[in-house]
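The next block holds one structure in the form of structure tokens; read it before the comments.
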Number of protein chains: 2
Amino acid sequence: MSADCLFCKIVAGTIPSTQVYSDEEFYAFRDINPGAPTHVLIVPRAHIANITDVSAQDAPLVGRMFLRANEIAEQEGLTKNGFRYVLNYGPWAGQSVFHIHLHILGGRPMAWPPG
Amino acid sequence: MSADCLFCKIVAGTIPSTQVYSDEEFYAFRDINPGAPTHVLIVPRAHIANITDVSAQDAPLVGRMFLRANEIAEQEGLTKNGFRYVLNYGPWAGQSVFHIHLHILGGRPMAWPPG
């Protein structure tokens, strides 16, 4: 845990969130500023600042994050029409929290290019 | 390999592409209809149709795809200002090829929401 990390505080429950999924490795919650009718963020409980910080040792964790995200997409009813997964890095992508988070967006048709 | 899969044919070299990266597990190439100044697709050589088809056994492969994508982002000069990773599932996300592909987009500021 990183003391000044918003998502570590959300995972720890010291900042409230609308929980969507939780297990020993991951926590998922609704984005407070949704970009689609369904907009969930899934984060590893372990603090990893950026997707570019993922080590070879962390790679299976990243893979498992997608297994859990797939379950959430199913649970949220997104698999019939489709959904988009987004991971941002850096200012041009609009990354604002430095704790890896996978965006799961669905519930409407998504345009292309993706932003 | 799936006989009627566009990306399997690209990986096999029977359909031409502009290669960006290649190893035993992954192949990356430029999107022919780029959505940003830099738009690369990285795909596993193994045919997996959809991100929702990833099994627990495949999870480390998905994680390694991000390790390789991070290397490509660095190689493409995207890490200074940032970049976006996108994975689409289904018609509302605009998925058009049924072989897992991670979009790597950068070279300009990306808007939000992501499409």
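The values are calculated or read from the model by the stated rules, or taken from the named source; none is laboratory data. The shown structure was predicted, so the numbers you read here are calculated from the model rather than taken from an experiment. Positions of Cβ are generated from backbone atoms using ideal geometry, with glycine treated the same way; all protein chains shown enter the neighbour counts. Each accessible area value is taken on the protein alone, full model and side chains, heavy atoms only, with ligands, DNA and RNA left out. Shrake-Rupley method; radii C 1.70, N 1.55, O 1.52, S 1.80 Å.
Counting only protein heavy atoms, what percent of the accessible surface of segment B:1-90 is carbon or sulfur at a 1.4 Å probe?
48
Could you sort the peptides B:60-67, A:99-106 by per-residue average Cβ neighbour count (10 Å cutoff), highest mean leading?
With the highest mean Cβ count within 10 Å placed first, the list reads A:99-106, B:60-67.
Pop out a list of residues from segment A:49-66 that are at least 20 Å² less accessible with all the protein chains around than in their chain alone; 1.4 Å probe, no ligands or nucleic acids counted.
A:I51, A:T52, A:V54, A:A59, A:P60, A:V62, A:G63, A:F66
Zone of B:E74 (label point 7 Å along Cα→Cβ, backbone N under 20 Å): which residues in segment B:101-115?
B:102-107
Placing +1 at every Lys and Arg Cβ and -1 at every Asp and Glu Cβ, with all other atoms neutral, what dipole size does segment B:27-115 have around its Cα centre, in debye to the nearest 20?
160
Per q in 0.09, 0.10, 0.16 Å⁻¹, report the Debye log10 I(q)/I(0) for the protein assembly as shown, using one uniform scatterer on each alpha carbon and no solvent.
One equal scatterer on each Cα of the protein assembly as shown leads to -0.33, -0.41, -1.14.
Can you run phi through the Karplus equation (6.51, -1.76, 1.60; θ = phi - 60°) for segment B:68-83 and list ³J(HN,Hα) in whole Hz, with x for Gly and Pro?
5, 4, 4, 5, 5, 4, 5, 4, 8, x, 8, 6, 5, 9, x, 7
For a quick check: with amide H placed at 1.01 Å from N, whose amide H comes under 5 Å from B:Y27's, ignoring anything fewer than 5 positions away on the same chain?
Here B:V43, B:R45 satisfy the definition.
Between the chain alone and the structure with every protein chain in place, find the residues of segment A:99-115 that drop at least 10 Å² of accessible area; heavy atoms, 1.4 Å probe.
For segment A:99-115, once contacts with the other chains are taken into account, A:H103, A:L105, A:G107, A:R108, A:P109, A:M110, A:A111, A:W112, A:P113, A:P114, A:G115 lose 10 Å² or more.
Project the alpha carbons of segment A:35-89 onto their principal axes and report the range along each, largest first, in whole Å.
34, 21, 16
At each listed q (0.15 Å⁻¹), what is the log10 of I(q)/I(0) that the Debye formula gives for chain A modelled as equal alpha-carbon point scatterers?
Here log10 of I(q) over I(0) equals -0.64.
Using the heavy atoms of the protein chains and a 1.4 angstrom probe, tell me the accessible area per residue for chain A in square angstrom.
I get 43 Å² per residue for this part.
If you place +1 on the Cβ of every Lys and Arg, -1 on the Cβ of every Asp and Glu, and leave all else neutral, what size is the dipole of the protein assembly as shown about its Cα centre, to the nearest 20 Debye?
With only Lys, Arg, Asp and Glu charged at Cβ, the dipole is about 580 debye.
Give the distance, in whole Å, between the Cα centre of segment B:56-115 and the Cα centre of segment B:13-31.
15
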